[in-house]
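Q: Sharing a structure with you now.
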Amino acid sequence: MSDKLKEECGIFGVYGIDKSVYDPASLSYYALFALQHRGQETAGIAVNDDGLITCYKDSGLVKDVFSKDILDSLSGADAAIGHVRYGSAPGADERVNAQPLVVNHVKGRMALAYNGNINNAFELREELELSGAIFHTTSDTEVISYMITKERLTAPSIEAAVSRAMTSLKGAYCLVVMSPSKLIAARDPYGYHPLCIGKLGDGYIFASETCALDSIGATFVRDVEPGEIVIADKDGLRSITEHVGKQKRGLCVFEYIYFARPDSVVDGASVHKARVNAGKFLAKSHPVEADVVVGVPDSGLDAAIGFSNQSGIPYGIGFIKNKYIGRTFIEPGQAHRKDIVQIKLNVVQETVKGKRVVLVDDSIVRGTTSARIVSLLRDAGASEVHMRVSAPPFLYPCYFGTDIDSRDKLIANNHTIEEITDIIGVDSLGYLGIDEVEEIADGCPKGFCIGCFTGEYPSEIPQSIKVDKFQYKKSEKNQLTIENK
């Protein structure tokens, strides 16, 4: 588990556009750039050209996976779906686990891209394997595809098969499914992760975030409702709502705190404004006398602005981020590993030297990165460092798509706030309150998943999850598990 949360995956789909004006593969390419923050391990695009579905995917960033020649080979299609991946299990960055997943079955062809975590995927896969199914990946996506194709044998349509499969899937998921004649989007009944609908000319777009719509000039139409299945075909747009309203809403609140891009609007609420609101709450509940407020790039910047606006303490640019270091950055030897943070972030000494600094960040996971950032400020001459965190303390695992897989490595689970203050080397430390975090998103329907803070989750959680749930080991002692304690 890294010292920062890792993002969710990003999904995209386009159907029904004027091919003489727009190319679905190119639109997917640009949209995936906009969603790159949600996953940097693999990228892929599948296209539907007159009923023939082809796909290209590989490990790496979007710019590295797709050359001009590859995009040209995918051009001229009728529809497309795309995916950028972050995987929470060992080996998830391997090419075999890249998406979209293309399936040929007795009823036709299908391509699927998915974001989330299916809590009963291991049980479903075991059941399918006992009936003769053969799996080639270690991804939940293949389990979902099997469930849909299994239901398609008796269902009257692909969308009906998706609806039937959803009754068996437990956990968090957003899907885009492309058949030879349709594009389907589905969101789990709790709405753990965002999914929106856009329009471009006469065509329809599905995307994880509105920033992807903006990147290709599409107009936002609305969000996909939790539990809703939306179908785009030759007759336009329609939806299946049999799963809508059956469960309590549970959008992951970290979409606002960290995951989503600040220029996105998620379930009716501006991400930027939500982070500014979090900073304002922090200034009210944890005031401090200081000379300057700085944020940790990128998601701490908006909250720092909010803290500054509310407190009246001037906002300053405290760090410059190296934008050319991705998640695939090769760490040097142990002797130099402590300098990685300084390679990624450099302090603007003019902003902090001789000053009392309020440092605003989105979270503290293990605390090692926070301690290093505080050390950088001290080395640059900051006389005091007061840290404010735009999320409550992490105390419990996440079962729905992030990589908080154990309580053991969570610093707030093992230490008091006073102890954490000493460990990371700050003069004071303040977290956002539980009540406050539920109020940051103006305009969003009430109901968030804040289980990583409280231990109370919107949906049922498993008693034990295998982190490497599809990677069988010879020795039981090597099996990594998450125990619900």
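The values are calculated or read from the model by the stated rules, or taken from the named source; none is laboratory data. Note that the structure is predicted; figures quoted are calculated from it, not measured. Glycine gets a Cβ as well: all are built from the backbone with ideal geometry, and neighbour counts include every protein chain shown.
Q: Can you find a residue in region 416-433 that is surrounded by 17 or more Cβ atoms within 10 Å (Cβ to Cβ), within 19 Å of the chain's Cα centre (by Cα) and in a loop (DSSP other than H, G, I, E, B)?
A: No, region 416-433 has no match at all.
Q: Condition check: more than 30 Å from Cys9 (Cβ to Cβ), of a type in the set (A, V, I, L, M, F, W, C) and without any contact (Cβ under 8 Å) to a residue 40 or more places away in the chain. Does Ile423 satisfy that?
A: Here the answer is no, as Ile423 does not meet what is asked.
Q: Just wondering, is there one or more residues in region 437-446 that are among the hydrophobic types (A, V, I, L, M, F, W, C), under 21 Å from Phe307 (Cα atoms) and part of a loop (DSSP other than H, G, I, E, B)? Spell out the reasoning first.
A: Here is the first cut: in region 437-446, the ones among the hydrophobic types (A, V, I, L, M, F, W, C) are 437, 440-441, 444.
In the following step, the residues that additionally are under 21 Å from Phe307 (Cα atoms) were identified as 437, 440-441.
Going one step further and asking which of them are part of a loop (DSSP other than H, G, I, E, B), we end up with 440-441.
For region 437-446, residues among the hydrophobic types (A, V, I, L, M, F, W, C), under 21 Å from Phe307 (Cα atoms) and part of a loop (DSSP other than H, G, I, E, B): present.
Q: So, in region 309-330, of the ones that are over 23 Å from Asp379 (Cβ atoms) and at pLDDT 95 or above, which residue ends up surrounded by the fewest Cβ atoms within 10 Å (Cβ to Cβ)?
A: Gly312
Q: Within region 183-258, which strands (runs of 3 or more DSSP E) (wholly inside it) include 2 or more residues that are of a type in the set (A, V, I, L, M)?
A: On the way: elements: 183-187, 196-200, 203-207, 219-223, 229-233, 236-240.
Strands (runs of 3 or more DSSP E) meeting the threshold: 183-187, 196-200, 203-207, 229-233, 236-240.
Q: Is it the case that region 451-459 has a residue that's out of contact with any His (no Cβ under 6 Å at 6 or more places or on another chain), in a loop (DSSP other than H, G, I, E, B), under 19 Å from Cys252 (Cα atoms) and at pLDDT 95 or above?
A: First, pick out the residues of region 451-459 that are out of contact with any His (no Cβ under 6 Å at 6 or more places or on another chain): 451-459.
From what is left, the residues that are in a loop (DSSP other than H, G, I, E, B) are 455-459.
Now narrow it down to the ones that are under 19 Å from Cys252 (Cα atoms): 455-459.
Subset that is at pLDDT 95 or above: none.
Within region 451-459, none of the residues are out of contact with any His (no Cβ under 6 Å at 6 or more places or on another chain), in a loop (DSSP other than H, G, I, E, B), under 19 Å from Cys252 (Cα atoms) and at pLDDT 95 or above.
Q: Moving to a separate point now. Restricting to region 159-178, what's the tally of residues that are closer than 21 Å to Gly51 by Cα and surrounded by fewer than 24 Cβ atoms within 10 Å (Cβ to Cβ)? Let's see the steps before the verdict.
A: From region 159-178, those closer than 21 Å to Gly51 by Cα are 159-162, 175-178; that's our starting set.
Of the ones still in play, those that are also surrounded by fewer than 24 Cβ atoms within 10 Å (Cβ to Cβ) are 159-160.
So the answer is 2.
Q: On the given criteria, is Asp298 under 20 Å from the mean Cα position of the chain (by Cα) and part of a loop (DSSP other than H, G, I, E, B)? Step through it out loud before you land on a result.
A: On the way: under 20 Å from the mean Cα position of the chain (by Cα): yes; part of a loop (DSSP other than H, G, I, E, B): yes.
Answer is yes for this residue.
Q: Suppose we filter region 171-192 for residues that are farther than 17 Å from Cys398 by Cα, under 18 Å from the mean Cα position of the chain (by Cα) and small (Gly, Ala, Ser); how many remain?
A: 2
Q: Here's something else I'd like to know. Mind checking which residues of region 148-159 are free of Cβ contacts under 8 Å to residues at least 40 places away in the same chain and in a helix (DSSP H, G or I)? Walk me through it before giving the result.
A: Going through region 148-159, the residues free of Cβ contacts under 8 Å to residues at least 40 places away in the same chain turn out to be 148, 150-151, 154-157.
Of everything in region 148-159, those that are free of Cβ contacts under 8 Å to residues at least 40 places away in the same chain and in a helix (DSSP H, G or I) turn out to be Ile148, Lys150, Glu151.
Q: Of the residues Arg378, Arg366, Arg407, which single one is under 27 Å from the mean Cα position of the chain (by Cα) and more than 24 Å from Cys9 (Cβ to Cβ)?
A: On the way: Arg378 fails: under 27 Å from the mean Cα position of the chain (by Cα); Arg366 fails: more than 24 Å from Cys9 (Cβ to Cβ).
Of Arg378, Arg366, Arg407, the one residue that is under 27 Å from the mean Cα position of the chain (by Cα) and more than 24 Å from Cys9 (Cβ to Cβ) is Arg407.
Q: Residue by residue through region 228-242, note down the ones that are touching an Asp or Glu at 6+ places or on another chain (Cβ under 7 Å) and surrounded by 15 or more Cβ atoms within 10 Å (Cβ to Cβ).
A: Restricting attention to region 228-242, the residues satisfying the condition of being touching an Asp or Glu at 6+ places or on another chain (Cβ under 7 Å) are 229, 231, 239-241.
Residues satisfying the conditions are Ile229, Ile231, Ser239, Ile240.
Q: Looking only at region 211-227, decide whether some residue is modelled with pLDDT of 95 or more, at positive phi, among the small types (Gly, Ala, Ser) and crowded, with 19+ Cβ neighbours inside 10 Å.
A: Yes.
Q: Go through (1) crowded, with 24+ Cβ neighbours inside 10 Å; (2) more than 18 Å from Ile257 (Cα to Cα); (3) of a type in the set (Gly, Ala, Ser) one by one and return the number of the condition Gly279 breaks.
A: Among (1) crowded, with 24+ Cβ neighbours inside 10 Å; (2) more than 18 Å from Ile257 (Cα to Cα); (3) of a type in the set (Gly, Ala, Ser), the lone unmet condition for Gly279 is (2).
Q: Looking only at residues that are small (Gly, Ala, Ser) and assigned to a helix (DSSP H, G or I) in region 111-147, which one is nearest to Gly191 (Cα to Cα)?
A: Looking only at region 111-147, we keep the residues that are small (Gly, Ala, Ser), and these are 111, 113, 116, 121, 131-133, 139, 145.
If we keep only those that are assigned to a helix (DSSP H, G or I) as well, we get 121, 145.
Working: Ala121: 18, Ser145: 20 Å.
Checked region 111-147; the qualifying residue nearest to Gly191 (Cα to Cα) is Ala121.
Q: Also, quick follow-up: When only residues in region 348-372 that are closer than 23 Å to Ile257 by Cα and of a type in the set (A, V, I, L, M) count, which is modelled with the lowest pLDDT? Lay out the reasoning, then the answer.
A: Here is the first cut: in region 348-372, the ones closer than 23 Å to Ile257 by Cα are 357-372.
Those still in the list that are of a type in the set (A, V, I, L, M) too: 357-360, 364-365, 371.
On the way: Val357: 98, Val358: 98, Leu359: 98, Val360: 98, Ile364: 94, Val365: 89, Ala371: 95.
This residue is Val365.
Q: Checking the conditions here, which among Leu395, Leu359 is out of contact with any Cys (no Cβ under 6 Å at 6 or more places or on another chain) and within 30 Å of Asp140 (Cα to Cα)? Steps first, answer last, please.
A: On the way: Leu359 fails: within 30 Å of Asp140 (Cα to Cα).
Exactly one residue qualifies, and that residue is Leu395.
Q: Same structure again: For region 60-72, give me each residue that is at pLDDT 95 or above, over 14 Å from Ala31 (Cα atoms) and not in a helix (DSSP H, G or I).
A: Within region 60-72, just Ser67 meets the criteria.
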